[in-house]
Amino acid sequence: TYVVTDACIRCKYMDCVEVCPVDCFYEGENMLVINPSECIDCGVCEPECPAEAIMPDTESGIEQWMELNAKFSAEW
Ligand code: SF4
């Protein structure tokens, strides 16, 4: 799954939302998040993010963002 990280905070360009084939982006408190159980790992959103906030979950050091994406997307 892909994960939205801190560069997204208060950004909301929304380019990623438009390209996602499964609409798995949701609004968190002050950033967007990806629902990890809906993301099909296509990678289309990653280059679309102007803030480079989207990363694959294989990236190291983003555990707290993985938790946050899961938490905020589960509230919908
Ligand atoms: Fe959507 Fe694909 Fe990005 Fe997952 S990797 S959030 S399915 S565009």
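Here are a few things to note about the model shown:
- Positions within the range 1-26 being of a type in the set (Val, Ile, Thr), over 11 Å from Cys49 (Cβ atoms) and surrounded by 13 or more Cβ atoms within 10 Å (Cβ to Cβ), in sequence order: Thr1, Val3, Ile9
- Within the range 8-32, the only residue that satisfies the criterion of being in contact with an Asp or Glu (Cβ under 7 Å, 6 or more places away or on another chain) and more than 10 Å from the ligand (Cβ to nearest atom) is Asp15.
- Looking only at the range 33-76, and only at residues there that are surrounded by 15 or more Cβ atoms within 10 Å (Cβ to Cβ) and more than 12 Å from the ligand (Cβ to nearest atom), the one that is nearest to Ala7 (Cα to Cα): Ala51
The numbers here are math on the coordinates, done by the rules we state, and not lab data. Since we're looking at a predicted model, the values are computed, not measured. Note: ideal-geometry Cβ built from the backbone for every residue, glycine included; neighbour counts use all protein chains shown.
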